[in-house]
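Everything on this sheet refers to the single structure shown next.
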Amino acid sequence: MQPHVVGIYTASERGALLHAVEEARLEAGRGLVGDRYYLGEGTFSERLQGTHDAELTLIEHEEIAQFNEPEDSPRGAGEFRRNIVTKGVRLNDLVGRRFTIGGVELEGLRLCEPCNYLASLIGQDVLERMVHRAGLRARIVAGGTIRAGDAITVSATV
């Protein structure tokens, strides 16, 4: 199966619930248009200012499913507060690599580890159970529009 996007999530302000959208415009050097970090309103916007870390976050559908397996009340993908949910690609392997979603070119920067803010929303066990599994921070190299279902293609190293 070709790696692909299964969901796109955004929120316009700090602390707001993320909601699913069918498509989103990504702007190089800025982020997902209309998202809280694009607007400078994210929980960590001040700390991430001047870096590419706030542009885009991704998480694997498979990791969400594994986290939810023993849960009595499974968490929705948006509750993990990442912009893009992927399927069929190991995001940890994309650190330092270029990849595309649809026609948008991205660069994997570093792992997006679980934090105390996420733990306050999902539960403290997320800190231990999602270490090195909570996603990827990416820089938008060349922007454009992405859609749920778009293929993910891994390019070369940076």
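The values are calculated or read from the model by the stated rules, or taken from the named source; none is laboratory data. The model shown is predicted, which means the values in this text are computed figures rather than measured ones. As a convention, Cβ positions derive from the backbone with ideal geometry for all residues, glycine included, and neighbour counts pool all protein chains shown.
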Might you let me know whether segment 40-53 holds any residue that is modelled with pLDDT of 85 or more, surrounded by fewer than 16 Cβ atoms within 10 Å (Cβ to Cβ) and over 21 Å from Glu107 (Cα atoms)? no
Failed item in (1) farther than 22 Å from Tyr37 by Cβ; (2) modelled with pLDDT under 95, with Met130 passing the rest: (1)
Restricting segment 22-45 to residues that are of a type in the set (A, V, I, L, M) and without any contact (Cβ under 8 Å) to a residue 60 or more places away in the chain, the residue that is nearest to Gly103 (Cα to Cα): Leu32
Could you check Glu105 against (1) loosely packed, with under 15 Cβ neighbours inside 10 Å; (2) out of contact with any helix residue (DSSP H, G or I) (no Cβ under 9 Å at 6 or more places or on another chain); (3) among the acidic types (Asp, Glu) and say which number it fails? (1)
Taking strands (runs of 3 or more DSSP E) that fall entirely within segment 72-144, which contain at least 1 residues that are of a type in the set (Ser, Thr, Tyr) and closer than 15 Å to Glu62 by Cβ? 84-87
Just the residues that are surrounded by 16 or more Cβ atoms within 10 Å (Cβ to Cβ), under 19 Å from Asn68 (Cβ atoms) and of a type outside the set (D, E, K, R), please, taken from segment 116-147. Leu118, Ile122, Val126, Leu127, Met130, Ala134, Gly135
